[in-house]
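In what follows, a structure is listed as structure tokens, so that the remarks can point back to it.
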Amino acid sequence: MEVIQDQKMIKNVDQEPHNINNPHVAILPCPGMSHLIPHLELAKRLCNFHDIQVTFFVYTTEASVAQSHYLNSQPLPESLHVYHLPSRDISPFVTDSTDVFTRTTIIIRESLPDVQSYILSSFDNKKVDDDTSDSSTSLSPVNVLVADCFVTDSFDIADKVGIPKYIFFCPAADLFPFMIYLTILDSQVQGEFVHLKEPIQIPGCKPLPPADIVEQVRNRKIEGYKWFLHHASRFPLADGILLNTSQDLESKTIKALREDPTLRQLGTPCVYPVGPLVRAPFAEDEHYMKWLNQKPHDSVIYISFGSEGILSPEQTTELAWGLELSQQRFIWVARNPVEASSSLSVGNNPDEYLPHEYQNRINGVGLVIPSWAPQVEILSHSSVGGFLSHCGWNSTLESIFHGVPMIAWPLYGEQRSNAAMLEEEIGVAVRVKVKSDNGVVGREEIAKLVRLLMEEGNEDNDHKDFHLRTRAKQLQKLMIQAVNEGGSSYNSLSEIANEWKTGCNLV
């Protein structure tokens with residue numbers, strides 16, 4: 001079974017003109033590529049499958065170059081309009097010590113007046129002709145607001161104009177019950193969550209080890225925690241929650257959100273699993289794709305820690321040696337290792353930070369790509385049979401969607417709980433275990449896990465009945481079925497789109 005490709009969808013939309021009486025949905029992501037990518041996929045599906053107009057807001061930040069490159073690298077439906085919000089100076093509100101999450105939230109806060117102006121003008125003029133959109137097409141009044149889970153202050157705009165407001169929750173749904181319950185935990189728990197001796201009890205869900213809680217709540221004294229709690233406390237104000245997951249992938253969590261009496265009493269809105277929302281691969285002619293074309297089926301492990309994941313110099317060296325010792329084929333997206341306090345604006349010549357003559361020794365067996373590679377295209381390649389990943393939710397969905405089992409190596413954020421879920425519940429990953437006092441994973445451990453993943457029937461005392469690849473292929477079929485027409489996620493998005501269409505004339 002094959003998933004419907006974006007290019008095919010766009011052709012169908014071109015053949016059937018958009019119905020101006022259908023809803024106009026404003027989608028407001030959080031700054032950053034990890035949020036932009038799934039929100040854009042949601043926008044495309046609403047346009048291509050459900051004949052809905054979408055205005056997609058994009059922030060002007062330090063990441064604007066990467067965002068623009070991503071937006072320009074793919075065809076977009078005619079009914080999807082990208083609106084670039086003006087840059088806003090946040091320097092009066094931050095210092096050098098301000099945490100990243102707080103900075104992001106302030107960027108959003110300072111941009112909301114521009115969002116409000118756009119939405120209000122759509123009602124004042126009954127159409128919007130703007131110079132900051134990538135399209136000159138006139139738009140009808142905005143009927144629905146879909147906001148990122150960290151943009152809940154935009155609800156005030158929706159209330160002002162009297163339109164429904166929804167959250168698109170793009171992390172794993174597994175995080176949502178914790179966030180909805182956080183107001184209770186905040187009032188009951190004294191001190192830091194990470195210092196608790198016992199797992200945190202979440203209604204209807206598996207207990208959460210304190211070591212696996214998300215980054216934003218690991219220090220309750222910083223401003224970032226207060227912002228995180230603020231947004232979580234506003235979840236019950238939403239008219240519904242769109243989840244970037246599927247019924248088959250996180251069935252227990254979805255059941256808890258729908259049925260657990262405590263979560264219901266806390267005001268959990270109706271949830272709609274609409275994922276996995278994964279970009280379709282494009283044809284690539286880069287040298288690394290040609291390199292992959294020469295390798296046997298399922299023989300290459302892909303290594304990437306995402307757009308923000310950086311290892312220490314010592315860990316980078318151990319990873320390099322571990323990959324070489326494994327004697328497995330690999331393709332590694334390497335980033336210049338820096339200490340946590342160093343600037344990230346450094347060059348990236350792998351010969352400067354990898355072991356001496358490393359690239360010469362691995363020639364033909366391994367390939368090092370500096371900084372960035374087209375992940376979806378690599379994971380979808382038939383020669384790729386494993387993924388050493390930081391377990392960001394986008395990367396996780398892309399790996400599962402293409403049937404690739406994982407070595408889970410979480411670095412920050414919700415990646416720790418994602419890794420635990422992938423290994424213990426979903427069964428498509430083996431998790432890296434840190435065995436040294438300095439937190440560095442040794443080369444022997446890395447080599448062992450790579451061989452364990454890539455060599456069929458390779459088991460040890462800690463990993464019996466090891467069938468990750470079989471499970472990944474099974475789950476791939478279920479994910480494709482879910483998003484294709486008639487599948488559970490397709491039907492869930494259709495349900496909410498039809499609700500919007502029914503109510504759009506009431507605005």
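Relative to the dominant Cα principal axis of the chain, helix 488-503 is inclined by about 20°. Residue by residue, segment 250-256 carries 3J(HN,Hα) couplings of 9, 5, 5, 5, 4, 4, 5 Hz when phi is fed to the Karplus relation 6.51 cos²θ - 1.76 cosθ + 1.60 (θ = phi - 60°); x denotes Gly or Pro. Cross-link pairs exceeding 29 Å between alpha carbons, from the set LYS252/LYS435; LYS252/LYS433; LYS290/LYS477: LYS252/LYS435. Packing-based ranking of 194-205, 390-401 yields 390-401, 194-205, ordered from highest to lowest mean Cβ neighbour count within 10 Å. Placing R0 at 30 angstrom, the Cβ-Cβ distance between SER97 and ILE184 gives a FRET efficiency of 0.50 after rounding to 0.05.
Keeping all protein chains in place and using 1.4 angstrom, which order do PHE228, PHE101 fall into by accessible surface area, from largest down? Before the final figure, lay out the partial values.
Details: PHE228 0, PHE101 30 Å².
So the residues, ranked largest to smallest area, are PHE101, PHE228.
Leaving ligands, DNA and RNA out of it, report the carbon-plus-sulfur percent of the accessible area of the chain at a 1.4 Å probe. Answer for the chain is 48 percent, counting heavy atoms of protein chains only. Can you work out the base-10 log of I(q)/I(0) for the chain at q = 0.11 1/Å, using the Debye formula on its C-alpha atoms alone? Once normalised to I(0) and log-transformed, intensities are -0.99.
Looking at segment 306-338, which chymotrypsin sites (Phe, Trp or Tyr not before Pro) are DSSP coil and have at most 15 other C-beta atoms within 10 Å of their C-beta?
Values: sites: TRP321, PHE330, TRP332; in loops: none.
In loop regions of segment 306-338 (DSSP not H, G, I, E or B), there are no sparsely surrounded chymotrypsin sites (Phe, Trp or Tyr not before Pro).
Applying the criteria of a DSSP loop state and at most 15 other Cβ atoms within 10 Å to the GluC sites (Glu not before Pro) of segment 169-251 yields GLU192.
Given a 1.4 Å probe and the protein chains as shown, SER97 ends up with an accessible area of around 100 Å². Estimated from helical segments only, the mean residue ellipticity of the chain at 222 nm is -11500 deg cm²/dmol, where each DSSP H run of four or more residues counts as -39500 (n - 2.57). Under 1.5 on a/c is rounded, so check that first for segment 245-295, then, if it is not, pick prolate when a/b is larger than b/c and oblate when it is not; a ≥ b ≥ c are the square roots of the alpha carbon gyration tensor eigenvalues. It comes out prolate by the Cα gyration axes.
Between GLN116 and GLN265, the simple label model (points 7 Å from Cα in the Cβ direction) yields a spacing of 3.6 nm.
Compute the length gained on full extension between SER68 and ASN360: take 0.36 nm times their separation in residues and subtract their Cα-Cα distance, giving the result in nm to one decimal. Intermediate results must be reported in sequence, preceding the final value.
Values: separation 292, 0.36 × 292 = 105.12 nm, distance 3.53 nm.
Result for the pair: 101.6 nm of gain on full extension.
Between the amide H of LEU367 and those of PHE330, ILE331, TRP332, distances stay under 5 Å, these residues lying 5 or more places away or on another chain, with hydrogens modeled in the peptide plane. The long axis of helix 176-188 is offset from the longest Cα principal axis of the chain by roughly 90 degrees.
Taking 7 Å steps out from each Cα toward its Cβ at ASN484 and PHE282 produces label points 2.5 nm apart.
Return one number: the angle in degrees, 0 to 90 and rounded to the nearest 10, between the long axis of the Cα atoms of helix 443-454 and the longest principal axis of the Cα atoms of the chain. The answer is roughly 70 degrees. Rolling a 1.4 Å probe over the protein heavy atoms gives segment 283-384 an accessible area of 48 Å² per residue. Applied to segment 380-396, the Karplus parametrisation 6.51 cos²θ - 1.76 cosθ + 1.60 on θ = phi - 60° returns per-residue 3J(HN,Hα) values of 7, 6, 5, 7, 8, x, x, 9, 8, 10, 7, 6, x, 5, 4, 4, 4 Hz, with x for Gly and Pro. When ASP156, ASP114, ASP186, ASP96 are compared by accessible area at a 1.4 angstrom probe, the order from most to least is ASP96, ASP156, ASP186, ASP114.
For the chain, the share of DSSP beta bridges that are antiparallel, to the nearest 5, is 10%. Over segment 205-354, the pair-distance histogram of Cα-Cα distances with 5 Å bins from zero comes to 2, 6, 9, 11, 14, 13, 13, 12, 11, 7, 2, 0 percent, rounded to whole numbers. Whole-Hz Karplus values for segment 358-370 come out as 4, 5, 5, 5, 8, 3, x, 9, x, 9, 9, 10, x Hz, taken residue by residue from phi with 6.51 cos²θ - 1.76 cosθ + 1.60 and θ = phi - 60°; glycine and proline positions read x.
For a protection proxy built on the mean count of beta-carbon atoms within 10 angstrom, sort 419-426, 87-94 highest first, please. Working shown, then result.
Values: 419-426: 20.2, 87-94: 12.2.
Per-residue mean Cβ counts within 10 Å order the peptides as 419-426, 87-94.
The values are calculated or read from the model by the stated rules, or taken from the named source; none is laboratory data. On a predicted model such as this, the values are computed, not experimentally measured, just so you know. Quick reminder, even Gly has a Cβ in these numbers, built from the backbone with ideal geometry, and neighbours come from all protein chains shown. Only protein heavy atoms, including side chains, enter the accessible area calculation; ligands, DNA and RNA are left aside. Shrake-Rupley method; radii C 1.70, N 1.55, O 1.52, S 1.80 Å.
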